[in-house]
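Trainee: Attaching a single structure in structure tokens format; questions to follow.
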Amino acid sequence: MTQRRNNMNYPGYTLVRREDCPEQHGVLTVLNHDVSGATVLLVENEDTNKAFGIGFGTFPSDDTGVFHILEHSVLAGSEKYPVTSPFLQLLKSSMASFLNAMTFPDKTVYPFATPNETDFRNLMDVYLNAVFCPLAMVDKAVFEQEGWHRDADGTVSGVVYNEMQGALASPDAQLQNALERAMFPDTAYGFVSGGDPASIPALTYEKYQRVYRRHYSADNCCITLYGKMDMAEKLAFLDEHYLSRMPKGTSRPRLTVQDQQNGVRVHIPYYTENPEPDQVQCALAWYTGAFADRERQLGVEILLDALLGTNQSPLKAALLEQKLGADIDIGFDDSTLQPTLELVLRGATAETAPKFAVGVKQAVTDLLAGGIPEELLLASLNAMEFASLERPGSLPDGVLDAIYAATGWLHTGDPALLLHTDKLFASLREKLSTGWFNDLLKNLLLAEPVQVIQTPALPKKNEEDAAPARNDGKLVLDHPLTVADLGDGDRSAAGTVEPLAGAELLHHPSKGSLYLNFYYDLGECTPEEVQYLDLLTDILDELDTPEHTARELQTQRATWLGNSMACISFWTGRQEGSPCHAKLTWNMSLLERNLDKAIALGSEYLYKTCLTGPKAEEAFARVLSQQKLNMEQQFIRQGNQYAAVRAAAHYSVEYALSERCSGVTGYHFLCGLLEQADWAAMGKKLEAVREKVLNHAALTVSLHGSEEALAKLRALLPGSAFAAQGRTAAKPYTEVLTAPVNEAFIIDGGVNYDILTWPMERQADRRVLARIMSYEYLWHNIREVGGAYGTGMLTRAQTEGLYTYRDPHLTESYETFAKAPEALAGREYTEKDLTEFIVGAVSEMDSPKKPNAEAKELDRRYFCGITDAMLAADRKAMCSVTAETIRAQAADLADRMANATRVVFGSKDAVEAGKQLFDRIETL
């Protein structure tokens, strides 16, 4: 097969090289298009979740966010698809597992992935026509909608403008921008690629057009085709319909190299209504060498993980012992022309923050005096090598490859550069005992850093101061999808259940590595006990055992396991009464040969960690302070998630538990423990609840692996700490729900997250209604007209709701929500409309999952009683939706929404202006 491939011809293209790539389980081919000069990478393998990506080199020269605005704009209508929102219409009806676009500091990438061949052809044509033939270049209304415009009252608005108001509201974002400006004062990396709201209104339509024509050319792009498909057909389509019509220009834009700014120091304020003296932050940053030196950059990543990855890692532990602040974060970006690493001290004061640079230098010097422990480096190397093979996360592999290809091409001309890692790991493994990593650490962190200190302060008082080319029609695709394209859905892998060592053993074959998941039932726990268990999962990494220190145990886990973590999981079941199933979960991914190590390490980690004594008490104070800081940042960045959970908690035990552990209630619980600081009492409570759950609660052990692994587990489990007789039977978790309250929480920043939630029992066909609400009504009225970055309707097990994301409005958005039922009930729905909505809704059920996620989904279905027959019935219900169904459901919404619960995370001004909507208001 490889020989046949090597003899392939590529009409219209010049073959640069062709090579096997075991990391991608296939063959890579690099081509240059003869007429246009475009670079094309083919990644041929057996992955049916096919992907496409096209990336352009885009280098900002100011803070207007022009490339971010262009990213939004080109997807708002093109010559072949001259409708106002082709991207929106694709979202409604495509079977894509990923569909988006991304603006980076130095590139813009337009990727998608889909398992359906017809869908792939449609999407590729829409994307290519969008980027090469956008109507935004002749229709200024697109620029004004997506970028910025002035309303009648003089207020500036626009989708990107409002998005960046929210994105730059957090102190973290402002600190990051200041740091990049200090490190790269003379190059593209010193500008805010997404756009600074203070500068966005300086962008003119004429400059926007010029920048597009300079950068969106075929000779300034890299195209990736990934997966199992007819590559010759796709290449011919690219050549005939696009690339051959675009002769290459005289030169393409290039990045410039920045002279290093070692020793630069900057002070910036962070304006907040509630400045606290212990919220000062200090960021230190260093350059890490050339992008093209991939061995060095991977070495930096391994080094940072080994020395700073956890509170117990030697360098981070030494820095925390200096008590300059509450936490230290690390950042490393090796995707830019000049990669950088940074350390950020959080929770510092004006007195301690300036001492951070000296503290880092001293801690590094002390560490180098004894040398970096080789076992730490080996553990981090093993963990990263495992992750590079498993590729965890939600992005499809083909989308990742498209981003990597654009990055490698941009900086070196080689789109395949980042797809090869095996030799890098092998080379670094040989360097572990040579002192190479010690030299790397010395060269990096003993150099003078760039420093930015950020101090909170009260806000300053404001001083006084042609016919459209597009139409509102429907997107007309060459090959529109139909309900027949959906198929019948995949059947779940057959599993087995058996009793073993006092537990329930569940087994499924695995599509990837071995996955071993332990689920302790929490049905006997009180709400407070679950809160303490949730804290326990955050603290376990910090704790010693009789056999190992916390650092040693983490090293062992990283050496022998691919990934391991404890958490609280909860789901609403499909059984009668919609019970809530809550579990203390311990997840491990590993190679089958390490199963015995997994059982031993899991037993020690869960059962033997020391929860009392001075070291444990220090860990409690440290971790809870870090958690509090993190939640305060998340309120600003992801307020919609916190608001949605808060509102749903009145109607659903699942969301009440989520709110109790990780919502506003959980935040107040953390704050209370920090104020009391009775760490000895906390240790005793943790011991008691651990004993109750680990030794007495029902346990399900789920193995996703081979029959050989199952036989081995049967032998290992009875002699382990997991074995226990007399466990209680599993039962639903319950707690009393609170009466609905309309609430507003004031956060820093100039945007709002508006939520409206009401109770609604599970009904599969309402997913179609939710898509219509999201993409037919809310998208236009909240996003295009109102200027919010995001909006939609969600229908879940026991609740439904509407939301906005980074919204400049509050009262106006609730008024828009209220008009939705009448608008949806009164409109006409053609057969084509319904087909698009149904295809989009049903395809969400079939979105491909990576093996680790697939294993967890099978476990969830088991606990929730979800069968293939139920999923088939859901599918049938959605496919049977008619116009009458939608109109009846929409009419019914008015009564439900009239009694719904409002929760907002928003700005002080907006909340005060809309205070009549709320029963209570709180400043976070």
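The values are calculated or read from the model by the stated rules, or taken from the named source; none is laboratory data. Computed from a predicted structure; not experimentally measured. Quick reminder, even Gly has a Cβ in these numbers, built from the backbone with ideal geometry, and neighbours come from all protein chains shown.
Trainee: Would you confirm, using the coordinates I've provided, whether GLU46 is over 30 Å from GLY194 (Cα atoms), surrounded by fewer than 22 Cβ atoms within 10 Å (Cβ to Cβ) and over 24 Å from the mean Cα position of the chain (by Cα)?
Mentor: Here the answer is yes, as GLU46 does meet what is asked.
Trainee: Just to be sure I understand the filter: pairs with C-beta atoms under 7 Å, separated by 6 or more residues or on different chains, first member in the range 389-400 and more than 9 Å from ALA51 (Cα to Cα), second member modelled with pLDDT of 90 or more and buried (at least 17 other Cβ atoms within 10 Å of the Cβ). Which pairs pass?
Mentor: Going by the 7 Å Cβ cut-off, the qualifying pairs are GLU390/SER589; ARG391/ASP397; ARG391/LEU400; LEU395/PHE98.
Trainee: Given the options ALA890, ALA877, name the one that is surrounded by 15 or more Cβ atoms within 10 Å (Cβ to Cβ), in contact with a Pro (Cβ under 6 Å, 6 or more places away or on another chain) and modelled with pLDDT of 90 or more.
Mentor: ALA890
Trainee: Here's something else I'd like to know. With the checklist (1) charged (D, E, K, R); (2) assigned to a loop (DSSP other than H, G, I, E, B); (3) within 26 Å of ILE69 (Cα to Cα); (4) touching a Ser or Thr at 6+ places or on another chain (Cβ under 9 Å) in hand, flag the one item ASP278 doesn't pass.
Mentor: Going through the list (1) charged (D, E, K, R); (2) assigned to a loop (DSSP other than H, G, I, E, B); (3) within 26 Å of ILE69 (Cα to Cα); (4) touching a Ser or Thr at 6+ places or on another chain (Cβ under 9 Å), ASP278 breaks only (3).
Trainee: Which residue, of PRO115, PRO111, PRO86, is at pLDDT below 95, under 25 Å from the mean Cα position of the chain (by Cα) and more than 22 Å from VAL785 (Cβ to Cβ)?
Mentor: Checking each option against the conditions leaves just PRO115.
Trainee: Could you please let me know if LEU606 is under 28 Å from ASN852 (Cα atoms), surrounded by 17 or more Cβ atoms within 10 Å (Cβ to Cβ) and modelled with pLDDT of 95 or more?
Mentor: Yes: the conditions hold for LEU606.
Trainee: Which ranges mark the strands (runs of 3 or more DSSP E) fully within the range 485-585 that have 2 or more residues being among the hydroxyl-bearing types (Ser, Thr, Tyr) and at pLDDT 95 or above?
Mentor: Result: 514-521, 563-572.
Trainee: May I ask you to list the residues in the range 11-57 that are over 21 Å from LEU123 (Cβ atoms), at pLDDT 90 or above, outside any strand (DSSP E or B) and touching a strand residue (DSSP E or B) at 6+ places or on another chain (Cβ under 7 Å)?
Mentor: Correct list: GLY12, ASP34.
Trainee: Continuing with this model, one more query. Could you tell me whether the range 425-434 includes any residue that is closer than 30 Å to PHE56 by Cα and under 30 Å from the mean Cα position of the chain (by Cα)?
Mentor: Yes: one or more hits.
Trainee: What do you reckon, is LEU674 among the hydrophobic types (A, V, I, L, M, F, W, C), out of contact with any strand residue (DSSP E or B) (no Cβ under 6 Å at 6 or more places or on another chain) and assigned by TED's automatic domain parsing to the domain that holds LEU717?
Mentor: Criteria not met by LEU674.
Trainee: Scan the range 218-254 for residues that are closer than 24 Å to ASP401 by Cα, out of contact with any Leu (no Cβ under 8 Å at 6 or more places or on another chain) and hydrophobic (A, V, I, L, M, F, W, C) and jot them down.
Mentor: Residues satisfying the conditions are CYS221, MET229, ALA232, ALA236, PHE237, LEU243.
Trainee: When residues of the range 49-91 are filtered for being of a type in the set (D, E, K, R) and either surrounded by fewer than 22 Cβ atoms within 10 Å (Cβ to Cβ) or touching a Cys at 6+ places or on another chain (Cβ under 9 Å) (or both), how many remain?
Mentor: So the answer is 3.
Trainee: Restricting attention to the range 370-383, which residues are aliphatic (A, V, I, L, M), surrounded by fewer than 21 Cβ atoms within 10 Å (Cβ to Cβ) and either under 28 Å from the mean Cα position of the chain (by Cα) or not in a loop (DSSP other than H, G, I, E, B) (or both)?
Mentor: Selection gives LEU378 alone.
Trainee: Let me ask you something else. Which condition number does ASP293 fail, the rest of (1) acidic (Asp, Glu); (2) surrounded by 15 or more Cβ atoms within 10 Å (Cβ to Cβ); (3) at pLDDT 95 or above being met?
Mentor: Among (1) acidic (Asp, Glu); (2) surrounded by 15 or more Cβ atoms within 10 Å (Cβ to Cβ); (3) at pLDDT 95 or above, the lone unmet condition for ASP293 is (2).
Trainee: Among the residues of the range 780-797, count how many are within 14 Å of LEU91 (Cβ to Cβ) and either crowded, with 22+ Cβ neighbours inside 10 Å or assigned by TED's automatic domain parsing to the domain that holds SER578 (or both).
Mentor: Going through the range 780-797 one residue at a time, the tally reaches 3.
Trainee: Within the range 58-100, work out how many residues are of a type outside the set (A, V, I, L, M, F, W, C), under 23 Å from PHE143 (Cβ atoms) and assigned to a loop (DSSP other than H, G, I, E, B).
Mentor: So the answer is 15.
Trainee: Tell me which residues, restricted to the range 635-650, are crowded, with 23+ Cβ neighbours inside 10 Å and either in the same structural domain as GLY801 (by TED's automatic domain parsing) or over 20 Å from the mean Cα position of the chain (by Cα) (or both).
Mentor: ARG646, ALA647, ALA648, ALA649
Trainee: Now a separate question. In the range 804-849, how many residues are over 30 Å from ASP868 (Cα atoms), among the aliphatic types (A, V, I, L, M) and either modelled with pLDDT under 90 or part of a helix (DSSP H, G or I) (or both)?
Mentor: 5
Trainee: If you don't mind, another one. Hey, can you tell me all the residues within the range 617-634 that are surrounded by fewer than 23 Cβ atoms within 10 Å (Cβ to Cβ) and touching a Leu at 6+ places or on another chain (Cβ under 9 Å)?
Mentor: Within the range 617-634, ALA621, ARG622, VAL623, LEU624, SER625, GLN627, LYS628, MET631, GLU632 qualify.
To keep it simple, each residue is scored yes or no on (1) in contact with an Asp or Glu (Cβ under 8 Å, 6 or more places away or on another chain); (2) surrounded by 17 or more Cβ atoms within 10 Å (Cβ to Cβ); (3) within 26 Å of GLY523 (Cα to Cα); (4) outside the structural domain of LEU713 (by TED's automatic domain parsing).
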{"residue": "CYS580", "(1), (2), (3), (4)": "yes, yes, yes, no"}
{"residue": "LYS583", "(1), (2), (3), (4)": "yes, yes, yes, no"}
{"residue": "ASN587", "(1), (2), (3), (4)": "no, yes, yes, no"}
{"residue": "LYS597", "(1), (2), (3), (4)": "no, yes, no, no"}
{"residue": "PRO614", "(1), (2), (3), (4)": "no, no, no, yes"}
{"residue": "SER658", "(1), (2), (3), (4)": "no, yes, yes, yes"}
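Trainee: A further question follows. Give the residues of the range 717-751 that are outside any loop (DSSP other than H, G, I, E, B) and out of contact with any Cys (no Cβ under 6 Å at 6 or more places or on another chain), sorted by residue number.
Mentor: Matches in the range 717-751: LEU717, PRO718, GLY719, GLU743, ALA744, PHE745, ILE746.
Trainee: Is it true that SER702 is farther than 30 Å from LEU624 by Cβ, out of contact with any Ser or Thr (no Cβ under 9 Å at 6 or more places or on another chain) and either in the same structural domain as HIS809 (by TED's automatic domain parsing) or surrounded by 23 or more Cβ atoms within 10 Å (Cβ to Cβ) (or both)?
Mentor: It is true that SER702 is farther than 30 Å from LEU624 by Cβ, out of contact with any Ser or Thr (no Cβ under 9 Å at 6 or more places or on another chain) and either in the same structural domain as HIS809 (by TED's automatic domain parsing) or surrounded by 23 or more Cβ atoms within 10 Å (Cβ to Cβ) (or both).
Trainee: From ALA178, ALA169, which residue is in a loop (DSSP other than H, G, I, E, B) and within 25 Å of the chain's Cα centre (by Cα)?
Mentor: Result of the check over ALA178, ALA169: ALA169.
Trainee: Additional query: Any chance the range 640-650 includes a residue that's modelled with pLDDT under 95, aromatic (Phe, Trp, Tyr) and under 27 Å from ALA167 (Cα atoms)?
Mentor: Looking for residues that are modelled with pLDDT under 95, aromatic (Phe, Trp, Tyr) and under 27 Å from ALA167 (Cα atoms), one finds none in the range 640-650, hence no.
Trainee: Let me ask something else about it. Answer yes or no as to whether LYS234 is in the same structural domain as VAL159 (by TED's automatic domain parsing), charged (D, E, K, R) and touching a strand residue (DSSP E or B) at 6+ places or on another chain (Cβ under 6 Å).
Mentor: yes
Trainee: Within the range 53-87, can you find the residues that are out of contact with any Gly (no Cβ under 7 Å at 6 or more places or on another chain) and charged (D, E, K, R)?
Mentor: Across the range 53-87, the qualifying residues are ASP62, GLU71, GLU79, LYS80.
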